[in-house]
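Down below is the structure, laid out as structure tokens.
The values are calculated or read from the model by the stated rules, or taken from the named source; none is laboratory data. Model, not experiment: these values are computed from the prediction. Counting neighbours? That spans all protein chains shown, and the Cβs are built from the backbone with ideal geometry, glycine included.
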Amino acid sequence: MFDHAAQDPLLHIRNLSKRFHTSRGIVHAVSDVSFDIPRGSITGLVGESGSGKTTLGRTLLRLIEPSEGETIFDGTDINKLDGRALRATRRRMQIIFQDPISSLNPRFKVGQIVAEGLRAHGIGTISERKDRVATLLDEVGLSSDAISRFPHEFSGGQRQRIGIARALALEPEFIVADESVSALDVSIQAQVLNLLLELRERHNLTMLFIAHDLSVVEYLCDQIVVMYLGRVAEIGLAQHVYSSPGHPYTQALLTAVPVPDPQAARDRTILTGDIPSPLDPPSGCVFRTRCPIADAACATNIPAPVKAGPAHQLYCRKPNVQN
Amino acid sequence: MATHPSPAAFEAKFLELLFARRAVLFALIVFAIIALLCAFASVVAPSDPAKMSVRDRLTAPGADFILGADAFGRDVASRLLFAGRVSLSVGLGVAALSSLVGVVLGLCAGFFRQLDAPLSRLVDAMMAFPDILLAIALVSILGGSAVNVILALAIVYAPRIARIVRASTLVIRELPFVEAAMALGVSTPAIMVRHVLPNILSPIIVQATFIFAYAMLAEAGLSFLGVGIDPSTPTWGTMINEGRQYIDQAAFLILYPGVAISISVLVLQLIGDGLRDALDPRLAKDL
């Protein structure tokens, strides 16, 4: 486990925004997001569909160019790197995708898929790469005869393991896992999650785990970032956010998590309606149109961060802080 | 969820689909025979295609000349085979060259957003020109040799490939495995050639087959109009052009090269149709 306050974070995200210019207007996918990802931690990024969490994950790796803001990775702002330097830095940060089917090139054998990063960076001879691929496949729990087979010959869970081996090949320090288990069966989800935890320990990885399933995030993560309509709603250590959620959106999300005991009394905050269009986000607090406690003043100002505890911040005018 | 056939299983399935249609199998065999006969023209041909014999001029098909003799007493059968070699080479050359140019243009247009608009407008402008008119203009500028005819026709047909490649590239480049390659630090040219191109080969192959046929027709048209390959090199088009003057005395002079062109183009179209049917539905499922 990591100590949140003790060290300088691997990733400093400062005022990061991404706007897409479309024929229908400007989509505000990510707006003014700032937070830190401590070294060796797993940060969970949660929010419903359309909250911008996938765009944020891609923007951190500069797979999507940010509109503005800084992504300082180990002291360097990756948004300022040119082509060559960016390619070199990409070795250190990788991504594991959601869809186990379309994330693997159907024309490549598994060996080629996993070795592609090594090849691109000119690491090792062909036979050294082959050995490395065999080691990686073993590490993610696949037999070495997988090397010469094609991705379609594997099940969803196995294919996700191939994707993990590909991401690990370059020995990255930071991995974005974008809903990496949500396409899998529940039993397989647990296996893949355990694999990720095990690899995190062994390689001292820092991870951003993007999910919409809060129970998975609670199990896995040290820190949680809750996003709504492109903005951070609440951020804090997992135990704080789960035990005392301060933002009405977080409270609504948490009460939507099913509890195994049907008799348990529950005080639920039910969200009505859909998330508003990012083409035309509400003024002031973006959550106010669905917020049970919003008043007229919420429409005028974008809420400033409120400290709710050590390393626990909310973006709400009327936070319901219990501790 | 889509299933992905492995290339090996895919090839077996592909051949099965391709041969399932009798017409396609038949067309492949006919085309193979034509191609082999023309390729080995110097061995197969009954006599020298350039040997003139004034006494035998316009001899009807028979024992001496299986397909008759032309106005200079040259053996039509031999000329047909040697001419076929040129016509097929032009078709193949145009198919290959236009594919190469079209792939480069299409990949660039599909991959680099800034290049898309200018390249697409250029391709649209070229496609708005009547094919044969553009070819005539280009050959008149370049001069009438086989290589120049191939160049001119490749320029005429490259936009067709470019359009298909651009459209397919736009689909593939959005797939996560391309993003994964970017994240791994694979260079953009390598992503285009290693990751995108192999996944869009099917429609290119189909279109190239059609272009093979169109180019043979266009070459015949150019030669017939007298703006194609220099008349001293026989092609099916020049043979028809030369035979035209004797149409009332020796109709066979234009009949045989005409039939040769028709059959070649027909079987190529059938092969193209067969390839499309065997490749395209798979492609749709594949992606």
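Some points to look at:
- If you go through region A:126-159 and pick out every residue that is under 19 Å from A:Q189 (Cβ atoms) and polar (S, T, N, Q), you end up with 2.
- For region B:161-176, the tally of residues that are assigned to a helix (DSSP H, G or I), over 11 Å from B:V101 (Cβ atoms) and in contact with a helix residue (DSSP H, G or I) (Cβ under 7 Å, 6 or more places away or on another chain) stands at 7.
- When A:V241, A:V257, A:V226, A:V217 are screened for being part of a strand (DSSP E or B) and within 30 Å of A:I302 (Cα to Cα), only A:V226 passes.
- Only one entry of A:I147, A:I162, A:I123 meets the criterion of being assigned to a helix (DSSP H, G or I) and more than 22 Å from A:S180 (Cβ to Cβ), and that entry is A:I147.
- Reported count of residues in region A:92-112, each being more than 7 Å from chain B (Cβ to nearest Cβ) and either in contact with a Pro (Cβ under 9 Å, 6 or more places away or on another chain) or buried (at least 24 other Cβ atoms within 10 Å of the Cβ) (or both), is 8.
- Meets criteria (modelled with pLDDT under 90 and of a type in the set (D, E)) for B:D230: yes
Condition check ((1) of a type outside the set (S, T, Y); (2) within 30 Å of A:P38 (Cα to Cα); (3) at pLDDT 90 or above) across all residues:
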{"position": "A:V257", "(1), (2), (3)": "yes, yes, no"}
{"position": "A:A265", "(1), (2), (3)": "yes, no, no"}
{"position": "A:P292", "(1), (2), (3)": "yes, no, no"}
{"position": "A:T300", "(1), (2), (3)": "no, no, no"}
{"position": "A:P310", "(1), (2), (3)": "yes, yes, no"}
{"position": "A:V321", "(1), (2), (3)": "yes, yes, no"}
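- Residue among B:V76, B:V104 that is β-branched (V, I, T) and within 26 Å of B:S168 (Cβ to Cβ): B:V104
- Within region A:44-57, considering residues that are more than 14 Å from chain B (Cβ to nearest Cβ) and surrounded by fewer than 23 Cβ atoms within 10 Å (Cβ to Cβ), the one farthest from A:H212 (Cα to Cα): A:G50
- Wholly within region A:1-109, strands (runs of 3 or more DSSP E) carrying at least 2 residues that are more than 18 Å from B:G185 (Cβ to Cβ): A:11-22, A:25-37, A:42-46, A:68-73
- For first residues located in region A:58-83 and more than 13 Å from every other protein chain (Cβ to nearest Cβ), partners that are of a type in the set (K, R) and in a loop (DSSP other than H, G, I, E, B) and lie 6+ apart or on another chain with Cβ distances below 6 Å do not occur.
- Meets criteria (more than 16 Å from the chain's Cα centre (by Cα), at pLDDT below 95 and among the β-branched types (V, I, T)) for A:T54: no
- The number of residues in region B:181-212 being in contact with a Gly (Cβ under 7 Å, 6 or more places away or on another chain) and within 13 Å of chain A (Cβ to nearest Cβ) comes to 2.
- For region A:165-190, a residue qualifies if it is among the β-branched types (V, I, T) and either within 11 Å of chain B (Cβ to nearest Cβ) or crowded, with 24+ Cβ neighbours inside 10 Å (or both), and the qualifying residues are A:I175, A:V176, A:V181.
- Yes/no for B:A181 being at pLDDT 95 or above, buried (at least 21 other Cβ atoms within 10 Å of the Cβ) and either under 17 Å from B:L105 (Cβ atoms) or not aliphatic (A, V, I, L, M) (or both): no
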